[in-house]
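Structure first, then comments.
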Amino acid sequence: MTLPQSSAVQIPVFFQNITFQLPPCQLINQTVSLEKEGCPSCHPVETTICSGHCITKDPVIKIPFSNVYQHVCTYRDLSYKTFELPDCPPGVDPTVTYPVALSCHCGRCAMDTSDCTFESLQPDFCMNDIPFYY
């Protein structure tokens, strides 16, 4: 069935010039905090991470026990860099390895390389900044 051309959807005047532009899934520079158990402080480093929006879907008809996978902005390719934390005491290995995103894509969240939680900690979060009471 085809609709006559005169049945075009009319958009109210106050919505005609509004466009929502969400940033696409892409590489961005990000400061992350590196820390290690036994070392007293965190150290910020610059790295690249994947960030941005991916098209998601929500089925109109929900089928029990069916899998609907939402795509997230995640690593396509990555490498690892190592860093030596400066304040570690003797006997504690100061070496920390962290990921560096080389390219990104919209895909299923890979739990071995990504934080797939609904609301995660910020990349520059540091456990050593939280007071611990005995």
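The values are calculated or read from the model by the stated rules, or taken from the named source; none is laboratory data. Predicted, not measured: the structure shown is a model, and the values here were computed from it. Backbone-built Cβ (ideal geometry, glycine too); neighbour counts: all protein chains shown.
Quick notes on this structure:
- Inter-residue pairs, beta-carbon under 8 Å, first part of a loop (DSSP other than H, G, I, E, B) and in segment 52-76, second modelled with pLDDT under 75 and of a type in the set (Asp, Glu), 6+ apart: Val68/Asp58
- Pairs are defined by a Cβ separation below 8 Å, a sequence spacing of at least 6 or placement on different chains, a first member in segment 105-116 that is surrounded by 15 or more Cβ atoms within 10 Å (Cβ to Cβ), and a second member that is part of a loop (DSSP other than H, G, I, E, B) and modelled with pLDDT under 80; the pairs so defined are Cys109/Cys116.
- The residues of segment 83-99 that are out of contact with any Phe, Trp or Tyr (no Cβ under 8 Å at 6 or more places or on another chain) and either under 19 Å from Cys116 (Cβ atoms) or loosely packed, with under 15 Cβ neighbours inside 10 Å (or both), listed by number, are Glu84, Pro86, Asp87, Pro89, Pro90, Gly91, Val92, Asp93.
- Candidate set from segment 80-97 (those that are part of a loop (DSSP other than H, G, I, E, B) and of a type in the set (D, E, K, R)); member that is nearest to Glu46 (Cα to Cα): Asp87
- Within segment 46-86, the set of residues being over 15 Å from the mean Cα position of the chain (by Cα), modelled with pLDDT of 90 or more, within 23 Å of Met111 (Cα to Cα) and of a type outside the set (D, E, K, R) comprises Ser79, Tyr80, Thr82.
- Residues in segment 6-33 that are buried (at least 16 other Cβ atoms within 10 Å of the Cβ) and either modelled with pLDDT under 90 or basic (Lys, Arg) (or both): 2 in all.
- Of residues in segment 38-69 being farther than 29 Å from Ser103 by Cα and touching a helix residue (DSSP H, G or I) at 6+ places or on another chain (Cβ under 9 Å), the one surrounded by the most Cβ atoms within 10 Å (Cβ to Cβ): Cys39
- Flag if Ala110 is touching a strand residue (DSSP E or B) at 6+ places or on another chain (Cβ under 7 Å) and either closer than 16 Å to Ser41 by Cα or part of a loop (DSSP other than H, G, I, E, B) (or both): yes
- Selection status of Leu3, modelled with pLDDT under 90, more than 25 Å from Asp93 (Cβ to Cβ), in contact with a strand residue (DSSP E or B) (Cβ under 6 Å, 6 or more places away or on another chain) and not aromatic (Phe, Trp, Tyr): no
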